[in-house]
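Asker: Okay, here's the structure, questions in a sec.
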Amino acid sequence: KEMRILVNKENEAILRAIVSTDFKVRYQSSVLGYVWSLLKPMFMFGILYVLFTYAFPQGSKGIESYGVWLLMGIVLWNFFSEATMIGTRSVVDNGQLIRKVAIPRHLLVIASSVSALINLGLGMIVVILFAFLSGLFPTFSWLLLIPAIAELFILSVGLSLLLSALYVIFRDIAYIWEILLQAGLYASGIIFAVTSMPSVIQKIAFLNPITQIIQDARHALMPNNPASQTIWQTFHNPLLWFIPIIIVMVIFGLGSWYFQRRQRFFAEDI
């Protein structure tokens, strides 16, 4: 037990050092520094908000508090995209470190998700402030944001473990994943309301963990918004409610297993 505690404390210290170094390297020599972590989702939000509020208002038709609704989806999607894209390259990018230092390989991958989680925290502050400005006030349902973000974090770590191990031997995986992320932005109900889709497509979309998580987060923030419909409001069969969660756990288990199996070959394959 003492050894496990020691290992955990050592891993925690290593993880903290990796995340700290990542932030310093990523924003060194930049004038705005950490502000850049917010500019990308804010810029994307600004473009889409203007586009679907003024140029093509039919895209936001029927969505109450569209700005908050859209910003929540973009901030969560940006976390998922950042965590998995950086996580995919985390092992290869740290090849020199892996060859020279006996470091737990999985910490390099987890660090990418933790770094993205910090940026998500900053983004959520903006979401909350925007919600206040839009006339929304805190309720107990806001606490449900915590399990939604936790589920998204687990999904991101699981996918990052799987993709990073695959990327060591198959470098095209990063380009394939980038294309899938672009498609996922439009297929996961981030820009367009899932409730506006045909019934059959709507039900299929809700089986996507990303859609389920983002809709749960929106429902936590705006429980009375029809566009924040959740999976349990879509399916009458309670067994179907757990399918996205089961998918998340399967991906996490598969990613952990494959990473554990391949990590002893990383030093020679990179």
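Asker: Leaving out ligands and nucleic acids, note down the accessible area per residue over segment 30-189 with a 1.4 angstrom probe, in whole Å².
Answerer: Details: 7660 Å² over 160 residues.
In whole numbers, segment 30-189 has 48 Å² accessible per residue.
Asker: Here's another thing I want to ask about it. Run the numbers on the chain and let me know its relative contact order in percent, using alpha-carbon pairs under 8 Å that are six or more apart. If you can, show how the numbers build up before the last one.
Answerer: Values: 289 pairs, mean separation 65.4, N = 270.
Dividing the mean separation by the residue count of the chain yields 24 percent.
Asker: Now, a different point. Quick check: from the Cα gyration tensor, does the chain come out rounded (a/c under 1.5), prolate or oblate? Working shown, then result.
Answerer: Details: a/c = 1.87, a/b = 1.58, b/c = 1.18.
Prolate is the answer for the chain, as a/c is 1.5 or above and a/b outweighs b/c.
Asker: State the percentage of accessible surface on segment 203-270 attributable to carbon and sulfur atoms; use a 1.4 Å probe and exclude ligands, DNA and RNA. Don't skip to the end; give the middle numbers.
Answerer: Details: 2300 of 3460 Å².
For segment 203-270, the apolar C and S fraction of the accessible surface comes to 67 percent.
Asker: If you don't mind, another one. Using only helices, what value at 222 nm comes out for the chain when you add -39,500 (n - 2.57) per DSSP H run of length 4 or more and divide by the total residues, to the nearest 500 deg cm²/dmol? Mind dumping the intermediate values first?
Answerer: Numbers: 13 runs with 197 residues, N = 270.
Calculated mean residue ellipticity at 222 nm is -24000 deg cm²/dmol.
Asker: Right, next: Just want to confirm a number: the relative contact order over segment 124-270, from Cα pairs under 8 angstrom separated by 6+ residues, in percent.
Answerer: On the way: 124 pairs, mean separation 54.4, N = 147.
That works out to 37 percent.
Asker: Let me ask something additional. For the chain, find the longest principal axis of its Cα atoms and tell me its angle to the long axis of helix 243-262, 0 to 90°, nearest 10.
Answerer: Taking Cα atoms only, the helix is inclined about 20 degrees.
The values are calculated or read from the model by the stated rules, or taken from the named source; none is laboratory data. Since the model is a prediction, treat every value here as computed from it, not as a measurement. Only protein heavy atoms, including side chains, enter the accessible area calculation; ligands, DNA and RNA are left aside. Shrake-Rupley method; radii C 1.70, N 1.55, O 1.52, S 1.80 Å.
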